[in-house]
Number of protein chains: 2
Amino acid sequence: MLKALITTLTVSDVRFPTSLEQHGSDAMHADPDYSVAYVVIDTDLEKFKGFGLTFTVGRGTEIVVCAVKALSTLVIGKTLEEIVSDFRGFYRHLTNDGQMRWIGPEKGVIQLAAAAILNAIWDMWARAEGKDPKQLIRCIDFTYITDALTEQEALEDQMLEEGYPAYTTSCAWLGYSDEQLTQLCSTALGEGWTRFKVKVGADLQDDIRRCRLIRNMIGPQNTMMIDANQRWDVSEAISWVSSLAEFRPLWIEEPTSPDDILGHAAISKALAPLGIGVATGEQCHNRVMFKQFLQASALQFVQIDSCRVGSVNENLAIMLMAAKFKVPVCPHAGGVGLCELVQHLILFDYISVSASLENRTCEYVDHLHEHFKSPTVIRNACYIPPKDPGFSCEMLESSVRKHQFPHGEVWRHILAQKHTPIF
Amino acid sequence: MLKALITTLTVSDVRFPTSLEQHGSDAMHADPDYSVAYVVIDTDLEKFKGFGLTFTVGRGTEIVVCAVKALSTLVIGKTLEEIVSDFRGFYRHLTNDGQMRWIGPEKGVIQLAAAAILNAIWDMWARAEGKDPKQLIRCIDFTYITDALTEQEALEDQMLEEGYPAYTTSCAWLGYSDEQLTQLCSTALGEGWTRFKVKVGADLQDDIRRCRLIRNMIGPQNTMMIDANQRWDVSEAISWVSSLAEFRPLWIEEPTSPDDILGHAAISKALAPLGIGVATGEQCHNRVMFKQFLQASALQFVQIDSCRVGSVNENLAIMLMAAKFKVPVCPHAGGVGLCELVQHLILFDYISVSASLENRTCEYVDHLHEHFKSPTVIRNACYIPPKDPGFSCEMLESSVRKHQFPHGEVWRHILAQKHTPIF
């Protein structure tokens, strides 16, 4: 199947009206409609396709769709073999077009679009090789050998059986009432969750009340993280988080601008005596930024994202750098399809790079998995390695059709009620 | 006119086929077609409009156009007065939409699109106030007062008469032959130019030959800068530029990734003993990045751009920070309309912020000015302050019509010859 010729690339604007129930709400994104630019690559081999996506939060998805269309001219007409035999070269071809790089470079819309396409290529490649996770793991290990190699088989078996430890963000979105928090947290504890993330940053007194509520419910032995979604400036972040130190958060996530490396370094330094680390990465736009975050000791947890940067290619560079700087990788997930995608990366990180679970956990959000053909499997608060070949982001055709924006039936209905102009 | 209601915002994809003659070619952009996403804002007052643009280099302009359309929903229906009476609030409204910020934030396509719209708003505002430069200068001075205030009137007069010193990039694009370099440089010397920028970075031996040629022509008393357009990694930049030190460049521009603050700091430190500064900024995507470049002593020349960041609003923040850190501002220009726009910013910087010409010069490229209603005026290698009210980026309707991509007559002709697929 490596000889397959890419004949068409289609992209859809697929949106889920999550804002109606405040799922995903935080201090900077009050009303996200979780969405994807969804890519399907067709080949000249019948039924041999690749599926990829990038995650967005509603308005603006059409811009990413437009960017995917522009980049698709660099993909159509190539064989899978041409691409993967010099994948680094293809990566640069896609991300460094002499004209299109100007509107990035390697950041924002154009990088999100590249990620959607690259995710689909990786999906095709995994399908072409017919890889189940065991085979995939062996393949990747062989390519990127590390000190952990001698323990590999044992690690594989343990991981495939018990899974990779996850934390949940589903309990404490900013827009949820205290009653919702209590009920969701109670349910999660019953399901075996031990790590809980709380959204903060809009109002300090609210944050104190919500953090106290969660800490009281989960007890001293479980883990809490807090997430401000870029709400503060540097000095504000330090004083605000210091006021929440009594609740012993493991980390403060996105305390300030995702571009502010030196600001994160200052925050890290100030919070270290309180035992609170800094986590960031979901909006860190490329490997050059991660490099500096690591060089400047500006984060203590690297939150890679499967769609923000250039897919597996760029995330491999980031995971290897994190290992070199001895900083744990704790991926960002949730959204639409991010859990499905990132579980592959975190398994790779564990088995081939870090060989450690110390201070490591992968985000999980229990939303929208029902729209995928091979949804994430969580057991005892752990990601269980996926069984189907591919990158796990193929969506159900009916889900894509219904949620197309603006003409799918879900949106036709909502927009008719709202009398909202579409553009 | 402040009461004018914004009724429509139209945006056009306007491209100039500059790649046909290698104008604008450099080490990373071999074949740019200089382009703009061109914005016209209409109001309920007849003939009261605003004109704005953002610069691009060809393919991908349609993505920026798509982003402008998405952002236009945040502008239409507002009055100019509503916007300018809380311009900071409007800026955040435009750049921090709870859904669209995800695909930035404040970077890449979405920030370029915001710049095009904001440039048009500033244009409207200046027209509404009927400001000629003297009035504009007085207005801005009043708003942003500095230590230089007492010398203001004298400075104004001198500036309006003699203009702001410029340097030329027109002589030494990377794709030009040595014969072209010689001829263009000779002409420029005859016109009174004293500062010359040379594109480098593709091949060291070529660079040595070209730099020697230019230095020999301009003599020891004139100024030369070199520009690598992000071609190198950090250590490569240091060794390559060291090999060109004998030609005494004032600065090396964009030696590496525009995102690599710490890398630029390392390069600055290594080149300081050679008397060579580091200049960057044309792809520095927001004030947070500039802040860090300044904090880390990572540049010695701040190259603001009128379209990369959020228009006057964000550039004011950058110019004020540069002044605080005592680093001169030497704007990026050229492209399409960048000279027309940036001349306003540099006058403001001189008169209201820095009050100095030491180490300061503004880029000038002698291309495509004929498409503007009030093109830049250069006299004795200086920008002469513009006389017409507004932000000087209104284009000729005939130019816009002919160069619309892909259906304007210029492109219909080129594409028919090339048999090139458009998308």
What lysines could a cross-link reach from B:Lys107, if we take a straight Cα to Cα line under 19 Å and drop same-chain neighbours fewer than 8 places away?
A:Lys107, A:Lys291, B:Lys69, B:Lys291
Debye intensity ratio I(q)/I(0), log10, the protein assembly as shown, q values 0.05, 0.07, 0.11 Å⁻¹ (C-alpha model)
-0.27, -0.54, -1.34
Column: log10 I(q)/I(0), Debye, Cα scatterers of region B:314-359, q = 0.17, 0.27 Å⁻¹:
-0.45, -1.02
For label points placed 7 Å from Cα toward Cβ, what is the shortest-first list of nm distances from B:Glu358 to its copies?
5.3
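What ranking of A:Trp251, A:Trp125 comes out by heavy-atom accessible area, probe 1.4 Å, highest first?
Details: A:Trp251 0, A:Trp125 60 Å².
Descending accessible area places them as A:Trp125, A:Trp251.
Suppose every K and R has +1 on its Cβ and every D and E has -1 on its Cβ; what is the size of the dipole of region A:138-384 about the Cα centre, in Debye to the nearest 20? Don't skip to the end; give the middle numbers.
Working: 19 positive and 31 negative charges, 85 e Å.
With only Lys, Arg, Asp and Glu charged at Cβ, the dipole is about 400 debye.
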5 angstrom amide H check on B:Phe372, placed H, neighbours 5+ away
B:Leu396
In nm, what does the list of distances from B:Ala416 to its counterparts in the other copies look like, shortest first, when each label sits 7 Å along Cα to Cβ?
4.6
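Probe radius 1.4 Å, ligands and nucleic acids left out: can you give me the accessible area buried at the A-B interface, summed over both chains, in Å² to the nearest hundred? Walk me through the numbers on the way to the answer.
Details: alone 17650 and 17610 Å², together 30690 Å².
That pair of chains buries around 4600 Å² in total.
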Using a label point 7 Å beyond Cα on the Cα-Cβ vector, give me the inter-copy distances for B:Lys373 in nanometres, one decimal, shortest first.
5.6
Report, to the nearest 10°, how far helix A:133-143 tilts away from the longest principal axis of the Cα atoms in chain A, using its own Cα long axis and a range of 0 to 90°.
80
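What does the charge count near B:Ala172 come to, summing +1 for each Lys or Arg and -1 for each Asp or Glu among other residues with Cβ under 14 Å from its Cβ? Let's see the in-between values first.
Values: positive: B:Arg195, B:Lys197, B:Lys199, B:Arg209, B:Arg210, B:Arg212, B:Arg215; negative: B:Asp26, B:Asp178, B:Glu179, B:Asp206, B:Asp207, B:Asp227, B:Glu253, B:Glu363, B:Asp366.
Local charge sum for B:Ala172: -2.
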Per the axis that maps chain A onto chain B, nearest residue of A (Cβ criterion) and its distance in Å:
A:Gly108, 1
Please arrange B:Thr54, A:Thr8 by accessible surface area, largest first, computed with a 1.4 Å probe and ligands excluded.
A:Thr8, B:Thr54
Quick one: net charge around A:Thr256, please, counting Lys, Arg +1 and Asp, Glu -1 for every other residue with C-beta under 10 Å from its C-beta.
-4
Can you tell me which lysines have their Cα less than 20 Å from the Cα of B:Lys387? Leave out same-chain residues fewer than eight positions away.
B:Lys47, B:Lys49, B:Lys131, B:Lys134, B:Lys373
Kirkwood-Stokes translational diffusion coefficient of region A:138-384, alpha-carbon pairs, 10 °C, 1.306 mPa s, µm²/s:
87
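Grab the other residues whose beta carbon is less than 13 angstrom from that of A:Gly52, score K and R as +1, D and E as -1, and report the net.
With Lys, Arg at +1 and Asp, Glu at -1, the net is -2.
Report for region A:138-384 the percent antiparallel among DSSP-assigned beta bridges with both residues inside it, nearest 5. If you can, show how the numbers build up before the last one.
Values: 5 of 24 bridges.
Once the DSSP bridges in region A:138-384 are tallied, antiparallel ones form about 20 percent.
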Sorted by mean Cβ packing within 10 Å, highest first, what order do the peptides B:41-51, A:9-19 take?
A:9-19, B:41-51
Quantify how strongly other chains surround peptide A:277-283 by giving the mean number of their Cβ atoms within 10 Å of each of its Cβ atoms.
1
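State to the nearest 20 debye the size of the charge dipole of the protein assembly as shown about its Cα centre, where the only charges are +1 on K and R beta carbons and -1 on D and E beta carbons.
Values: 76 positive and 104 negative charges, 23 e Å.
My answer is approximately 100 debye.
Sum -39500 (n - 2.57) across every DSSP H segment of at least 4 residues in the protein assembly as shown, then divide by the residue count to get the 222 nm mean residue ellipticity, nearest 500.
Numbers: 30 runs with 340 residues, N = 846.
Value at 222 nm, helices only: -12500 deg cm²/dmol.
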Using alpha-carbon coordinates alone, the radius of gyration and Dmax of region A:360-415 in Å work out to 14.4, 42
Over chain A, calculate the relative contact order: mean separation of alpha carbon pairs under 8 Å at least 6 apart, over the residue count, as a percent.
18
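Over all alpha-carbon pairs in chain A, figure out the percentage whose distance exceeds 27 Å.
On the way: 45055 of 89253 pairs.
Tail of the P(r) past 27 Å holds 50 percent of the pairs.
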Identify, among A:Leu9, B:Ser186, B:Pro249, the residue whose Cα sits farthest towards the positive end of the charge dipole of the protein assembly as shown, taking +1 on the Cβ of Lys and Arg and -1 on the Cβ of Asp and Glu, with the dipole about the Cα centre.
A:Leu9
Could you work out how far helix A:61-72 tilts from the main Cα principal axis of chain A, as a 0 to 90 degree angle to the nearest 10?
40
Mind checking the dipole of chain A: about its Cα centre, +1 per Lys or Arg Cβ, -1 per Asp or Glu Cβ, Debye to the nearest 20?
460
Heavy-atom SASA rank of B:Leu341, B:Leu396 (probe 1.4 Å, accessible area, largest first)
B:Leu396, B:Leu341
Could you name the aspartates and glutamates whose alpha carbon sits less than 20 Å from that of B:Lys78, not counting residues in the same chain fewer than 8 places away?
B:Asp42, B:Asp44, B:Glu46, B:Asp86, B:Asp97, B:Asp123, B:Glu129
Suppose a student asked you for the relative contact order of region B:299-392, using Cα pairs under 8 Å spaced at least 6 residues apart; what percent would you report?
27
Rg(Cα) of region A:6-132 divided by 2.2 N^0.38 Å?
1.13
Once you have all Cα-Cα distances for region A:282-423, histogram them in 5 Å bins from zero and send the whole-percent values.
2, 9, 17, 19, 16, 13, 9, 7, 5, 3, 1
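The values are calculated or read from the model by the stated rules, or taken from the named source; none is laboratory data. Computed from a predicted model, the values in this text were never measured in an experiment. Glycine also receives a Cβ, built like all others from the backbone with ideal geometry; neighbour counts cover every protein chain displayed. When the accessible area is computed, the model is the full protein with side chains, heavy atoms only, and any ligands, DNA or RNA have been set aside. Shrake-Rupley method; radii C 1.70, N 1.55, O 1.52, S 1.80 Å.
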